[in-house]
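A.B. asks: Take this structure, written in structure tokens, and hold onto it; I'll ask about it next.
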Amino acid sequence: MRYRLSTLCILSAVISVATLPTALAAQTNGDGEDSEPIIIGQRTSIHSAVLNEGRPVLIYTPPGYDQSSDRYPVLYLLDGDGHFHHASGVTQFLSNNNRAPAMIVVGVPNLTQNGRTRDLTPPITLADTANPFPAAGGAGDFLRFLTDELQPWVESRYRTQPFDILVGHSFGGLFATYALMENPDAFQAYLSISPSLWWDQQQFVAKAATMFDEDTEVRSWLYMTMGNEGGAMLAGAWSLAGILETSAPESFRWAWNHMPDEDHGSVPHRSLYDGLEWIFEGWNLPNLFALGMSEGGEEWVEIEKHYSELSDRFGIEARVPEQRVNQIGYALLGNQRVDDAIRVFERNTKLYPGSANVYDSLGDAYDAACRWEEAKDNYGRAYRMAVEQSHANTDVYKGNLDRLTEKLASGSECEASSAR
């Protein structure tokens, strides 16, 4: 089956309508007809023994998650209630355009404003900064909650790859930087957005100077930004950037981006987009389509090399996206290069054996080549898998199977498309 734009844009996870903003709940149009809700994720909860409280969790899974066996990197999002909507959209947009892998987003909402201050701030060492923030200093426990409870909980319930990203803004940015310094291996990458590094009169920033003394081969990524905030906010970020400039080993990849056109409220969205592009720099293979269209598939070796290098670089299994392979296969069919199309679709069944769609597409190619028995076998496999997966395209796959079955029964003659 061809990938259609509408299919690519559907968000796959389920969220209770009761938890959605009004604009996302089921509505009626001007004719009084019911419309379908826009679905962006699932709200659940976890009890934390470390914090001695229940914590809500927001989960976004990529489109097609329930119909595949793929595994995904995970983006852990602090202040999840405020950023979950735009963050899930950014990750989907980047993956759809092959700028980053598809990923699971785990939003971690705050319970209260005081709870936020407690969770996201390191202990205070200078007494004169304590009065405005009496609940401060619980970052150590909150980090234990993330690493000892939430990460294992997510990994036991969702298909994950070993690449986790922690994203925090403001106090959350302070916490992301704290987590990096306390336990750099807890996450593979950190996005610190307008971090409140003025905290404790920059005593925390000063500790960064010794961060690499004990471990000279830290391999994490850090992307730090700052909006148009001046004063102590900007000074703290500049101080940390200066320390990293002189102290960070080559194994530690970092970037600092001042965004004076963004304010404290607008900087998270642009920072998340730019930060993920920076982390996954080189993910995209610009000439992928041209390589895939090569005569006899000779240039696929370069495609496979590219994704093998990505796998080594990020420590995950990186593969050419299923929909990209499908697009190449249908382009070859459209050019009447049926044999090449069959090779491409067969390759997709090896890459994504758990996808019903790849077998349906291979059936289309066999159908065009007058290899009807093989077409029927693949349509049948796609239909059976779709039934097991409650796939949205089950009826389409059944229609293709029924059409081929009738064609075979009729004894029709077939004229194959030109193949080369």
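A.B. asks: Tell me which of 160, 51, 227 sits at the most positive position along the dipole axis of the chain, charges placed on C-beta atoms (Lys, Arg +1; Asp, Glu -1).
C.D. replies: 160
A.B. asks: Compute the distance in nm between two label points, each set 7 Å from the Cα along the Cα-to-Cβ direction, one at residue 235 and one at residue 71.
C.D. replies: 4.7
A.B. asks: Separate question: Across bins of 10 angstrom width beginning at 0, how are the C-alpha pair distances of segment 261-420 distributed, in whole percent?
C.D. replies: Calculated over all Cα pairs of segment 261-420, the distribution is 10, 30, 28, 19, 9, 3, 1 percent.
A.B. asks: Follow-up question, since we're still on this one. Grab the beta carbon distance between residue 203 and residue 350, set R0 = 51 Å, and tell me the FRET efficiency rounded to 0.05.
C.D. replies: Values: r = 55 Å, r/R0 = 1.08.
E between residue 203 and residue 350, to the nearest 0.05, is 0.40.
A.B. asks: So what are the chain's ellipsoid semi-axes, whole angstrom, largest first, if each one is the square root of 5 times an eigenvalue of the alpha-carbon gyration tensor?
C.D. replies: Values: eigenvalues 445, 123, 59 Å².
That gives 47, 25, 17 Å for the three semi-axes.
A.B. asks: Pull up all non-local amide H partners of residue 317: gap of 5 or more, or a different chain, and H-to-H distance under 5 Å with H placed in the peptide plane.
C.D. replies: none
A.B. asks: What is the antiparallel percent of DSSP beta bridges lying wholly in the chain, to the nearest 5? List each step's numbers first, then the result.
C.D. replies: Details: 11 of 37 bridges.
Taking every DSSP beta bridge with both residues in the chain, the antiparallel ones total about 30 percent.
A.B. asks: Using +1 at the Cβ of each Lys and Arg and -1 at the Cβ of each Asp and Glu in segment 41-196, identify which of 69, 184, 82 lies farthest towards the dipole's positive end.
C.D. replies: 69
A.B. asks: A follow-up question, please. Determine which lysines satisfy two conditions relative to residue 350: a Cα distance under 29 Å, and not lying fewer than 8 residues away in the same chain.
C.D. replies: Here the lysines satisfying the reach criterion relative to residue 350 are 305, 376, 398, 407.
A.B. asks: Using unit Cβ charges (K, R positive; D, E negative) and no other charged atoms, how large, in debye to the nearest 20, is the dipole of the chain about its Cα centre?
C.D. replies: On the way: 31 positive and 56 negative charges, 99 e Å.
Here the chain has a charge dipole of around 480 debye.
A.B. asks: Which residue, 320, 408, 291, has the largest displacement toward the positive end of the dipole of segment 281-420 when charges sit on each Cβ (Lys, Arg +1; Asp, Glu -1)?
C.D. replies: Result: 408, furthest along the dipole toward the positive end.
A.B. asks: Evaluate E = 1/(1 + (r/R0)^6) for residue 261 and residue 81, where r is the Cβ-Cβ distance and R0 equals 25 Å; express this FRET efficiency to the nearest 0.05. Can you show the working numbers first?
C.D. replies: Values: r = 26 Å, r/R0 = 1.05.
Efficiency computed from Cβ-Cβ geometry: 0.45.
A.B. asks: Moving to a separate point now. Ranked highest first by the average count of other Cβ atoms within 10 Å around their residues, in what order do 34-41, 189-196, 142-149 fall? Before the final figure, lay out each step's value.
C.D. replies: Numbers: 34-41: 14.2, 189-196: 28.1, 142-149: 19.5.
The packing order, highest mean first, is 189-196, 142-149, 34-41.
A.B. asks: Can you give me the accessible area per residue for the chain, using a 1.4 Å probe, in Å²?
C.D. replies: Details: 19050 Å² over 420 residues.
With all protein chains present, the chain gives 45 Å² per residue.
A.B. asks: Same structure, new question: If each residue of separation counts as 0.36 nm, what is the full-extension length gain between residue 370 and residue 392 once their alpha-carbon separation is subtracted? List each step's numbers first, then the result.
C.D. replies: Values: separation 22, 0.36 × 22 = 7.92 nm, distance 2.78 nm.
Length difference between fully extended and current span is 5.1 nm.
A.B. asks: Next up: Once you charge only the Cβ atoms, +1 for Lys and Arg and -1 for Asp and Glu, what is the size of the charge dipole of segment 291-390 about its Cα centre, to the nearest 20 debye? Walk me through the numbers on the way to the answer.
C.D. replies: Details: 12 positive and 19 negative charges, 47 e Å.
Here the size comes out at about 220 debye.
A.B. asks: For residue 403 paired with residue 247, estimate the spin-label separation in nm (one decimal), with each label point 7 Å from Cα along the Cα-to-Cβ line.
C.D. replies: Roughly 6.5 nm, to one decimal.
A.B. asks: For segment 46-52, just list the computed ³J(HN,Hα) in residue order, Karplus coefficients 6.51, -1.76 and 1.60, θ = phi - 60°, integers in Hz, with x standing in for Gly and Pro.
C.D. replies: Values, residue by residue: 9, 8, 9, 6, 5, 8, 6 Hz.
A.B. asks: Using the Cβ atoms and a cut-off under 10 Å, what net charge is assigned to the surroundings of residue 280, where Lys and Arg are +1 and Asp and Glu are -1? Could the numbers behind the result be given before it?
C.D. replies: Numbers: positive: 99, 313; negative: 277, 281.
It works out to a net charge of 0.
A.B. asks: In nm, to one decimal, how far is the modelled label at residue 46 from the one at residue 183, with both set 7 Å along Cα→Cβ?
C.D. replies: 1.1
A.B. asks: Also, I was wondering about something else. Before rounding to the nearest 500, sum -39500 (n - 2.57) across all DSSP H runs of length at least 4 in the chain and divide by the residue total; then give [θ] at 222 nm in deg cm²/dmol.
C.D. replies: Numbers: 17 runs with 188 residues, N = 420.
Only helices count here, giving -13500 deg cm²/dmol.
A.B. asks: Take each uninterrupted DSSP H stretch in the chain, measure its Cα extent along the helix axis, and return the ones at 15 Å or beyond whose mean Kyte-Doolittle hydropathy is at least 0.0.
C.D. replies: On the way: long enough: 80-96 (24 Å, -0.48); 171-182 (16 Å, 1.03); 231-247 (24 Å, 1.01); 267-279 (17 Å, -0.26); 300-314 (21 Å, -0.94); 322-334 (18 Å, -0.19); 338-351 (20 Å, -0.45); 356-368 (19 Å, -0.34); 372-389 (25 Å, -1.46); 394-410 (24 Å, -0.75).
Correct list, ordered by number: 171-182, 231-247.
The values are calculated or read from the model by the stated rules, or taken from the named source; none is laboratory data. Keep in mind it's a predicted model, so treat the numbers as computed, not measured. Every residue, glycine among them, receives a Cβ derived from its backbone with ideal geometry; neighbour counts consider all protein chains shown. SASA here: full protein model, heavy atoms, side chains in, ligands and nucleic acids out. Shrake-Rupley method; radii C 1.70, N 1.55, O 1.52, S 1.80 Å.
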